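Peer 1: The structure follows.
Read-outs throughout are calculated quantities, based only on the coordinates presented, and are distinct from any laboratory measurement. All values derive from a computational prediction rather than experimental measurement. Note that each Cβ is placed from the backbone with ideal geometry, even for glycine, and that neighbours are counted across all protein chains shown.
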Amino acid sequence: MNHWKDILLRSSIVTAIAVNMMLGGMLLAREQVYIEKAVPSFAGPAEPHLQTEYAWELYKASIEEPYIVEHYKEYEYTYEKNGRLISKRPTNQHQYLRYWRDHPKN
């Protein structure tokens, strides 16, 4: 029984010495390490959560015999989280749809 008490006493003393040495090292390092002061942030305010969608819109239709040609532009829509439209701007994408004006005669 004395053997276990002796082991417990020695391990407690070693633990106490180790903890005191670590605390002493932290106190000593605190005096030797330069801690910079806080600097102001240059970041702007956070952007709200925005949703971006792309859609094609008809902007011109023309007749080029024997076709009807519809010209479309792609637009970028930006919405707030609640669904309110913030901006609409055209992209550089253009498409056209060409179809027969009249059925061809055989």
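Table: residues versus (1) part of a loop (DSSP other than H, G, I, E, B); (2) in contact with a Ser or Thr (Cβ under 6 Å, 6 or more places away or on another chain); (3) surrounded by fewer than 10 Cβ atoms within 10 Å (Cβ to Cβ).
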{"site": "Arg30", "(1), (2), (3)": "no, no, yes"}
{"site": "Gly44", "(1), (2), (3)": "yes, no, yes"}
{"site": "His49", "(1), (2), (3)": "yes, no, yes"}
{"site": "Tyr54", "(1), (2), (3)": "no, no, no"}
{"site": "Leu58", "(1), (2), (3)": "no, no, no"}
{"site": "Ala61", "(1), (2), (3)": "no, no, no"}
{"site": "His71", "(1), (2), (3)": "no, no, no"}
{"site": "Tyr77", "(1), (2), (3)": "no, no, no"}
{"site": "Gly83", "(1), (2), (3)": "yes, no, yes"}
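Peer 1: Still on this structure, please answer the following. In region 56-79, how many are farther than 19 Å from Asn92 by Cβ and not acidic (Asp, Glu)?
Peer 2: Counting residues in region 56-79 that are farther than 19 Å from Asn92 by Cβ and not acidic (Asp, Glu) gives 8.
Peer 1: Among the residues of region 17-26, are any among the hydrophobic types (A, V, I, L, M, F, W, C) and part of a loop (DSSP other than H, G, I, E, B)?
Peer 2: Taking every residue of region 17-26 in turn, none turns out to be among the hydrophobic types (A, V, I, L, M, F, W, C) and part of a loop (DSSP other than H, G, I, E, B).
Peer 1: Restricting attention to region 63-106, and to residues there that are closer than 30 Å to Pro48 by Cβ and of a type in the set (S, T, N, Q), which single residue is nearest to the chain's Cα centre (by Cα)?
Peer 2: So, considering only residues that are closer than 30 Å to Pro48 by Cβ and of a type in the set (S, T, N, Q), the one nearest to the chain's Cα centre (by Cα) is Thr78.
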